[in-house]
Structure formats: C-alpha cells, structure tokens
Amino acid sequence: MIWRSVVGKLWVTILLLVSVVLFILTVMLTQFVGRYYDNQAEEQLTKLTHKMVELLEDYNSKEEALRISSELVDAYSLNAMIIMNKNEHYSPTSRKQEEADLPVSVFFKNKSLASVYQNGKKVVKKGDFPVMSKGKEIHNRLLIVGLPFKMENGKTGAVYVYQSLENIAESTNYTKRLIFLSAGIAIILTTIFAFFLSSRVTAPLRKMREAASHMARGEFDMKVPMLTHDEIGELAMAFNRMGRQLKNFITALNQEKEQLSGILSSMADGVITFDRRMSILVSNPPAQRFLQAWYYEQGMDKDKKEALPSELTELFQNVVTSEKEQYIEIDIQGRSWVVVMTPLYNQSFVRGAVAVLRDMTEERQMEKLNKDFIANVSHELRTPISMLQGYSEAIVDDVAGSREEEKEIVKIIHDESLRMGRLVNELLDLARLEAGQMKLRPATVSVNEFFERVVRKFYGIARERDIELTLNLKADGTARFDPDRIEQVLTNLIDNALRHTASNGKVAILVERFKQGLKIEVTDNGSGIAEEDLPFVFERFYKADKARTRGKKGGTGLGLAIAKNIVVTHNGSISVHSKLNEGTTFSIFLPLSVEE
C-alpha cells in the first residue's frame, strides 16, 4: 500500500507541512484583511464625520452646510444623522434611501451614542441595531462614528455617520475567497510536486529493494543503476560494492564448506558436532553409520535423531561441566568405538562439543589375533618339543631294548623336527605374504600341462586311501601366473580334500577358462565344515577341531591362510562352500595375466 511506502510517507509529510503553513498563513491573512477593512471603514467614516463637523461649525448658513454634507454622504453611499437637540435633527442624505435607515430614537436611547452630544466625546460603535427597511424593523450590524460640534447658541450637537458592516463583510469575504482559492491551488500543486519529488527520490530505493530481494534469494549479480551523483547515488554505489563483497564472501564460505564437507566425508573417523542442547549439527558418513547401528540395536527408527546413546549423553554432560576433553569406549553391534569429545567455545562459554569416533574393531581384533598367534604358536610347538625332549631322553637313558626300538624313536624325533621345520617355514611364508615382501615370479605356462602335472602327484595317495581323484579340464591355451605359488595352493587344497574324505569317496578338480580368467574348483564329498566355522577357515591356526587333537589328519592350521594370501597377491579371489557330512568346495578365480 502507498501509505506504508516511502513515497506515501514523504508525500504525506510534505503535504501536511505545506497545509499547516498555508492554514496558518490563511488564518493570519483573513484576520489581517478583516481588521484592514474595518480600519479603513472606520477611518473613512471618521474623516467624513470631521468634514461634516467643520462644515457645520464654519458655514454661517446652516442650509448650505446641510446641502454640502448631503452631497458628501451621497458621494460615499453612506448614512448620516445630525442631531441639534431632542426636537431638532436632520438626515443629510438627499438621495432616495434603498438601504435600511436607523431611527433617531436609537441615538437618544443608546448611552454610548448619547454621550457624544451629552459629554462631547468621540464615539466609534459597532453593534446590532434595529433599523427600518421598507416599513419594517429589522436588525442590522452597523459601524457608527459620532463626533460633537459647537452650535451658534453654544450648545453641543452631534454628527453621526454610519455604514452597514455587511458591505464590509462582502469585501472581506471576497478577499477571503481569493485567499482560500490560492491556498487550494497551492495545496494541489504541492500534492503533485510532492508526489513527483518523492517518486524521484524513492525510485533508486525501489531499485535497491529489488536488488536486496534478489540477493536474499542468492542472486548476487544484481546491480543498482547509479542515476545521480548525490547521497542516493553514493548509496547505490555502496550497495553494489556490498553485493560484490557478499558474493566473494559467500563464494569463500561455500568453498570452505565444500572443503570441510570433503574432509569430513573422506575421514575414516566419525565426527559429530553438538550444540548446547546436544542437538546434532554436523555428522559425516562414519558417524552416521555408528548412529544407525545404535538405532538398529535399540530397535528405533533411524530417522529419529533426538535419541542418542546414554554413554554419549553422559560424556557430553561431563565435557560441558568440566570443560575438558573426555573419552569413552562403546561396543555396538559387535564393533568397538572409541569416542573422544572436546568442548567448543563461544568466546567465554561452552557452546557445544565435537565428538570424534574411531572404529577400533580391527585394532582390537589384531590385538586378539596377536595374542591368539602367540598362544597358537606356543601350542603348536609345545607338542613336538615335548616329544623331541622325551624321546631324546629315552635315547640318552638307553630306554630302547633293541635296535629296532632305537630306530623307531629316532624316526619319531626326525618326523617331529620336520614338522617343526614346516611350521616355521609356513609362518615365515605367511609373514612375507602379509607384509607384501614375497615377490611373484610369473611365467607363461600351458594350463592343461600345469594342472595335469599337479594332480598327477596325488594319484598314488588317492589309490592308497581308495579315493577317486578326477581332473576335468575345460581350458586350453596359456596363462601367466607364478606356477610355484599356485602349485602350493592346489597342493594344500587337494591334500586337505584327500585327508578329510573317507574311503570310497570322491575328489574332483574342475578348471574352466573365461574371458576374465581361470576358475578352479576343488570339490570333495568328505566330512564337510560346520556352518559356524565357515567364516574363519582362512584365519591362521584356525581348526574346526576345537580340541586340536593330532592324528593323521592333523595340520598346522596355516595352509588355507597362506593359500588365500597367494591368491590375493595374484589379484584373484578364493571362497568356500560346505555342508557338514556332505562335502566341501573351494573356488578360486585367477586372472589370465599377472605382472610382477
């Protein structure tokens, strides 16, 4: 609405200011005009009265004086009355009266008028007097001027000259109408001028308002035209400069925000920023995964962000209270998280906190694996060392009764030493593979010849154990890989399959060629692997036999771990599928070409 705009306010202000000034000026002018006409009429009547008094006092002929007085009165279109005494009075008007005439009795009854011939005083009287008009008595406002004069007999007479105030009022009203008309024209012109001026003044402001609206929507390229070189022009220039600076600042802030967002998104650690009321302000993907895991564990809707783990709430309260860094470790969904929370300050008080969440699951698992590794190595070495120690003591003490018993003891010591050597070698190989220190020696080999040679080594063992060993080759041509290492993997898998398959069982090796690489499957129908043991078969020293008893099927528990590392080093993959008492299938995928 125009009344709420700057144009309306400025227009109304100018209009009110000019109206007040014109009103005061009009009032003063009308009062001045009224007084001016009254004074002029009074002065005119007074002069005429003085002339009539002079005529009456100077002329010897009373008739001649009355005649001249009548001519003066007619010349000015006035009324007059000359009173000698109560019985002698004259009206010097010679023309036919059309206007109201004042009765003589009024001059005797009115004390103020009567004081002229009674006390010889000048009288100027304004008032409402009864006059005769067309035979009827009416009231009319009159201005009466009375002066005394000396008659020949020494007595005092009175000359009265009067005029209707309505005639003066007509002149006054006419002048007032001119004044009011001039004031009205001035107000109209002022209205037009004020509207034009306010529109001109506020046009740049409207442009600035439009530019500010565009800036509020993020459009900082909007510029205000600088039409003048006054204060408004300088304001437009400052506004444009502000727009450019805002654009630069917003661009810098967006870049910093994108940089911070990129840093937070690429961080492996989770980051959560809280305000004073512990509402989440910022969080990155690892932190969101932590919260989603906790929501899932609590059976809550993942979109509900108001609930947080009680441990975090307590940690936040401690941080805000003590204003010091605090940390805690939380276990959620089988994963271990370490939370370090630091207070955020706003000048002199804490305005929130930032929490850094690190997933320590792998570190904890590595610590456990290290402990288990030491325990497993100790367990694996304890048995052969004990057997070596016991049988060597038997030889020293000559416990053997015959040469055959001594040979049997020595054979046992030799077998256990070989087994210790194999364990140490396998540990060294695994360590090199995990550390990436074992280099591959890839060579171009014939696929069919390589697999026939590897499987041929186990035909004798299979016949001894009455197991059917078959090789199904669906690949030809050549492939490039490290033949020694792949042979080590196949030897381990085939040996495990033969050892865990009973008599009259079957072990099958399938080799297929695809565009991407070779697929190798080693399948048996032996004892199989329990479902709960499947995720751990490729871990070091892991055995399905929890008692770790040793027998013909006993091993070090490192073969599958070594096999997996060799396949991964070849940029391949290995997996296992098994059902208890039904059999096991190990699947290997190798690329056709492996570089050193």
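Values computed for the structure shown
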item	result
FRET efficiency estimate (nearest 0.05) - Cβ-Cβ, residue 200 to residue 47, R0 51 angstrom	0.35
Dipole axis of the chain (+1 Lys, Arg; -1 Asp, Glu on Cβ), positive-most option in 65, 568, 538	65
Label corresponding to Cα Rg over 2.2 N^0.38 Å when calculated from the structure given, among [x] 2.57; [y] 1.06; [z] 1.75	[x]
Label-to-label distance, nm, for residues given as residue 457 and residue 88 (7 Å Cα→Cβ offset)	17.9
Area accessible to solvent at residue 14, 1.4 Å probe radius, in Å²	40
FRET efficiency, 1/(1 + (r/R0)^6) with R0 35 Å, evaluated for residue 12 and residue 313 via beta carbons	0.05
Gained length - residue 64 relative to residue 281, 0.36 nm times residue gap less alpha-carbon distance	66.4 nm
Descending semi-axes in Å of region 225-372, equivalent ellipsoid built from Cα gyration tensor	45, 18, 15
Cβ-derived FRET efficiency at R0 51 Å, residue 446 paired with residue 536, nearest 0.05	0.90
Listed residues 59, 174, 162 arranged by accessible area, highest first, probe 1.4 Å	174, 59, 162
Percentage relative contact order, the chain, counting C-alpha pairs under 8 Å, at least six apart	7
Exposure ranking of 570, 50 by accessible area [1.4 Å probe, largest first]	50, 570
Spin-label pair residue 288/residue 587, simplified geometry with 7 Å Cα→Cβ offset, distance in nm	3.3
Residues with amide H under 5 Å from that of residue 335, placed H, sequence gap 5 or more	none
With DNA, RNA and ligands ignored, accessible area of residue 366 (1.4 Å probe; Å², nearest 10)	100
Rounded to the nearest 20 debye, dipole of region 239-367 from Cβ charges on Lys, Arg, Asp, Glu	920
Theoretical gain in end-to-end length, residue 252 to residue 212 [0.36 nm per residue, Cα-Cα removed]	12.4 nm
Peptide ranges 578-587, 526-535 listed from the most packed, as the mean C-beta count within 10 angstrom indicates	578-587, 526-535
Additional length obtainable on full extension of the chain from residue 327 to residue 515, 0.36 nm per residue less Cα span	62.4 nm
Residue 57 paired with residue 266, simple spin-label distance in nm, labels 7 Å along Cα-to-beta-carbon	12.2
Cβ crowding within 10 Å averaged over residues, with 43-49, 471-477, 519-525 ranked highest first	519-525, 43-49, 471-477
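The values are calculated or read from the model by the stated rules, or taken from the named source; none is laboratory data. Just so it is clear, the model here is predicted, and its values are computed rather than measured. Counting neighbours? That spans all protein chains shown, and the Cβs are built from the backbone with ideal geometry, glycine included. Keep in mind that these areas ignore ligands, DNA and RNA; they rest on the heavy atoms of the full protein, side chains included. Shrake-Rupley method; radii C 1.70, N 1.55, O 1.52, S 1.80 Å.
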